[in-house]
1. Quick test for you: out of 190, 207, 211, pick the one residue that is in the same structural domain as residue 255 (by TED's automatic domain parsing), modelled with pLDDT under 95 and not in a helix (DSSP H, G or I).
2. When region 164-183 is examined, which residues are found to be touching a helix residue (DSSP H, G or I) at 6+ places or on another chain (Cβ under 8 Å) and under 22 Å from residue 194 (Cα atoms)?
3. The conditions are (1) at pLDDT 95 or above; (2) in contact with a helix residue (DSSP H, G or I) (Cβ under 9 Å, 6 or more places away or on another chain), and residue 161 fails exactly one of them. Which is it?
4. Tell me the strands (runs of 3 or more DSSP E) entirely within region 257-370 that contain at least 2 residues that are crowded, with 23+ Cβ neighbours inside 10 Å.
5. So which residues in region 144-156 are assigned to a loop (DSSP other than H, G, I, E, B) and without any contact (Cβ under 8 Å) to a residue 40 or more places away in the chain, if there are any at all?
6. Pick from 136, 141: which is in a helix (DSSP H, G or I) and at pLDDT 95 or above?
7. Counting only residues that are modelled with pLDDT of 50 or more, give me the helices (runs of 4 or more DSSP H) lying completely in region 1-60 with at least 3 of them.
8. Is one or more of the residues making up region 167-186 modelled with pLDDT of 95 or more, surrounded by fewer than 19 Cβ atoms within 10 Å (Cβ to Cβ) and under 23 Å from residue 125 (Cα atoms)?
């Protein structure tokens, strides 16, 4: 029997036994289900063996069938979208995913809600521990600062031990996930000069969201590449904070994102000066110490460039590096799918850890190519 046939049989078996297993299933709701990240969450949760989707929430498309908006889910998720009622959803769901703009989750979360359910927030509302930094970079008043100390930063490979006891998980962004994981071992082990870090990052257009914006129109994006948010992109403090925690001291760095004409993917090329005496073997050993047992991080052969096309549709991050002996610098290359490991896939990975099930559940898809 081939793998496809086996998968179909397993899926049918799971579907037929759902009525018997409802009490065992994780009941999940998604607020903001019709954005790109929210839709990706629905796709991943639908095929998760331990999840029942109980709420497909969308303010813009309330009352419309989800599959009429995303035709890839026709005859798979045909439920109508519901209003974004988190108070009501908290009574029905074990976990709520908020794939919403900045400020929404912080503006609505409350103690009664958190006594009933877990929240995995895909916005930036709880990622930064310093409320003043959040308000400075996002130009919003933080409406629930009392929850900042307890919220766990949901970078699974780094905070796995803290996630199970969390009530709020702050799911990292796509640029931050790729950037932090690519440099974390080097910062933690003191192998690089922190003040020298430069991160050059490129993203597909889905990272800008589904809203209609002139800058994202086909004629504006096609046959073009451009830098944006130069010296002031709001993911910068998130990257600095996490690398600073790794290093044990503040980090100041340059982060420059670019928009490229592709649907999915993040490519990070990061540069840093090596500490005196540090060489290729030291760098390789650090990556092995931190990531050798991490299923979703693939350490590529030395010097092999990471490519977005080889992680598309998957929850993997591919990382490689090369030491430039001439300049005494290390060049780190990393790639993820911004909608999976950079958003929905990582959110599902966080959910798996929260509920004590196999971290890989629902995320075993091989990358799509071509």
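1. Numbers: 190 fails: modelled with pLDDT under 95; 207 fails: not in a helix (DSSP H, G or I).
None of the others qualify; the one that does is 211.
2. Taking region 164-183 first, the residues touching a helix residue (DSSP H, G or I) at 6+ places or on another chain (Cβ under 8 Å) are 164, 166-169, 171-181, 183.
Hits for region 164-183 are 172, 173, 174, 175, 176, 177, 178, 179, 180, 181, 183.
3. Failing condition for residue 161: (2).
4. Values: elements: 266-273, 297-299, 317-324, 329-336.
The strands (runs of 3 or more DSSP E) meeting that bar are 266-273, 317-324, 329-336.
5. The initial filter retains those residues of region 144-156 that are assigned to a loop (DSSP other than H, G, I, E, B), namely 144, 148-151, 154-155.
Result: 144, 148, 149, 150, 151.
6. Values: 141 fails: in a helix (DSSP H, G or I).
Testing whether each residue is in a helix (DSSP H, G or I) and at pLDDT 95 or above leaves just 136.
7. Details: elements: 3-16, 18-21, 36-46.
Fully inside region 1-60 and qualifying: 36-46.
8. Residues of region 167-186 that are modelled with pLDDT of 95 or more, as a first pass: 167-172, 174-186.
Filter once more, keeping what is surrounded by fewer than 19 Cβ atoms within 10 Å (Cβ to Cβ): 167.
Then keep just the ones that are under 23 Å from residue 125 (Cα atoms); that gives 167.
Within region 167-186 (the criterion being modelled with pLDDT of 95 or more, surrounded by fewer than 19 Cβ atoms within 10 Å (Cβ to Cβ) and under 23 Å from residue 125 (Cα atoms)), the answer is yes, since at least one residue qualifies.
The values are calculated or read from the model by the stated rules, or taken from the named source; none is laboratory data. Here the structure is a predicted model, which means the values were calculated and not measured. Ideal geometry is used to build each Cβ from the backbone, glycine not excepted, and the neighbour counts take in all protein chains shown.
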